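The values are calculated or read from the model by the stated rules, or taken from the named source; none is laboratory data. It should be emphasised that the depicted structure is a prediction, and the values quoted were computed from it without experimental measurement. We place every Cβ from the backbone using ideal geometry, glycine too, and count neighbours over all the protein chains shown. What goes into the accessible areas is simple: the full protein's heavy atoms, side chains included, and nothing from ligands, DNA or RNA. Shrake-Rupley method; radii C 1.70, N 1.55, O 1.52, S 1.80 Å.
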Amino acid sequence: MARDACPGALQVHAAADGALARVRVPGGALTAGALRELAACAEELGNGVIELTSRANVQVRGLADPAAFAARTAAAGLLPSATHERVRNIVASPLSGRSATSVLDVRPLVAALDAGLCGRPTLADLPGRFLFALDDGTGDVLGLGADVTLAARPGGDVTLLLAGEPVGSVTAGDAVAVALAAAEVFQSVRGDAWRVAELPDGPATIAARLPGRAPVAVTAAEPRKGGVFAQVDGRIAVDVIVPLGRLTTAQAGLLADLTPAEVRLTPWRTVVLPDLAPEAAGPVTAALTGAGLVTDPASPYARLSACTGRPGCAKALADVQADALRWAETGMPELRAGPIHWAGCERRCGRPRGRVTDVVATPGGYRVSH
Ligand code: SF4
């Protein structure tokens with residue numbers, strides 16, 4: 001079996017611009033204190049930027065002393081398990097328990113799944129790419145194609161999906177145990193596969209060994225990026241678009257200062273500030289805008305993404321992030337609506353799923369394709 005090279009906080013990746021460490025953030029939940037410490041680490045040990053990933057995790061590049069980074073993130077409570085740190089890939093509906101579309105608060109399920117995962121020695125060797133998703137009934141994380149998805153339905157039951165395919169229905173009380181069992185079955189049959197979708201008949205093979213009733217269909221919804229959202233408790237949440245998913249340490253510090261207790265990172269590389277007083281909407285939005293962050297869902301940054309490019313990736317043919325930012329500032333004149341992804345080579349790392357306009361660097365310049 002090939003070695004799993006997926007980076008973590010302890011097993012870092014040797015990138016062209018130095019060591020890269022990735023820290024898993026189950027459910028995207030980061031306390032203000034942990035965010036501040038990550039920002040301090042990025043400033044003092046790395047290149048001064050916190051990168052948000054498409055799994056609502058974070059990474060820091062250019063680390064001269066990865067061991068010091070690991071020690072500080074562990075002290076901040078971000079590395080509860082040295083053996084399982086790379087397998088804690090759990091995304092969740094970011095406004096779960098707060099939004100009116102949330103039929104089940106999945107935050108306790110995130111904690112239970114994380115604890116169950118870390119408590120099972122056999123799952124320490126789960127591939128670092130294996131992904132769990134917990135959908136609160138909104139449908140916003142259903143489009144991610146996670147290996148194991150639990151999707152809440154009105155009435156209290158939960159649909160189990162494997163590689164995006166509905167395969168079973170369980171009670172909310174049994175859901176975490178079934179998700180863990182699915183991961184254990186995958187681990188026992190996976191051979192050289194890294195994801196359920198790579199296994200021949202993967203969803204059916206795994207589902208045949210799990211308890212549960214016949215599946216009930218669930219519907220994916222487009223995630224909403226940017227803006228102010230009303231919470232069911234009368235407070236508001238502000239969803240902050242981070243251009244190209246790169247947070248400077250000053251921006252991270254501002255987010256930590258503005259939120260009452262925690263932020264929620266999203267798989268679409270935004271940061272939610274929850275539990276704000278309604279009257280805070282104006283001042284908070286103004287402060288964010290002043291720091292170069294975005295809350296307007298109509299902004300070009302709501303649909304723009306880019307791979308690492310130069311100088312971080314040795315394969316890159318261009319500094320795609322700088323080029324994409326320059327291009328966004330011109331208002332992205334000639335391309336149709338929808339996501340636009342810039343890449344430094346044909347691998348197109350970080351490309352969103354679905355229909356995307358690709359802007360790919362080639363030896364002869366950028367090639368645009370729809
Ligand atoms: S798409 Fe190419 S240039 Fe960009 S990060 Fe991936 S390998 Fe590197």
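Looking only at residues in the stretch 46-61 that are polar (S, T, N, Q) and within 15 Å of the chain's Cα centre (by Cα), the one that is modelled with the lowest pLDDT is S54.
Yes/no per residue for (1) open to solvent by less than 30 Å² (accessible area, probe 1.4 Å); (2) in contact with a strand residue (DSSP E or B) (Cβ under 9 Å, 6 or more places away or on another chain); (3) in a loop (DSSP other than H, G, I, E, B):
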{"residue": "I206", "(1), (2), (3)": "yes, yes, no"}
{"residue": "V216", "(1), (2), (3)": "no, yes, yes"}
{"residue": "V228", "(1), (2), (3)": "no, yes, no"}
{"residue": "A237", "(1), (2), (3)": "yes, yes, no"}
{"residue": "Q251", "(1), (2), (3)": "yes, yes, no"}
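Go through the stretch 277-370 and tell me which strands (runs of 3 or more DSSP E), entirely inside it, have 2 or more residues that are in contact (Cβ under 8 Å) with a residue 60 or more places away in the chain, within 15 Å of the ligand (Cβ to nearest atom) and within 25 Å of the chain's Cα centre (by Cα). Give the steps one after another, and end with the answer.
Working: elements: 304-306, 340-343, 357-362, 365-369.
Here the list reads 304-306.
Of all the listed residues (G344, G350), the sole one being open to solvent by 20 Å² or more (accessible area, probe 1.4 Å) and either out of contact with any Lys or Arg (no Cβ under 6 Å at 6 or more places or on another chain) or not assigned by TED's automatic domain parsing to the domain that holds T248 (or both) is G350. The residue list G116, G143, G128 contains one member that is touching a residue at least 60 places away in the same chain (Cβ under 8 Å) and over 16 Å from the mean Cα position of the chain (by Cα), which is G116.
In the stretch 265-288, how many are open to solvent by 20 Å² or more (accessible area, probe 1.4 Å) and under 21 Å from G139 (Cβ atoms)? Full working, then the answer.
Quick first cut of the stretch 265-288, residues open to solvent by 20 Å² or more (accessible area, probe 1.4 Å) only: 268-269, 275, 277-283, 285-287.
Of the ones still in play, those that are also under 21 Å from G139 (Cβ atoms) are 268-269.
Qualifying residue count, the stretch 265-288: 2.
Candidates A183, A197: the one that is buried (at least 21 other Cβ atoms within 10 Å of the Cβ) and outside the structural domain of E279 (by TED's automatic domain parsing) is A183.
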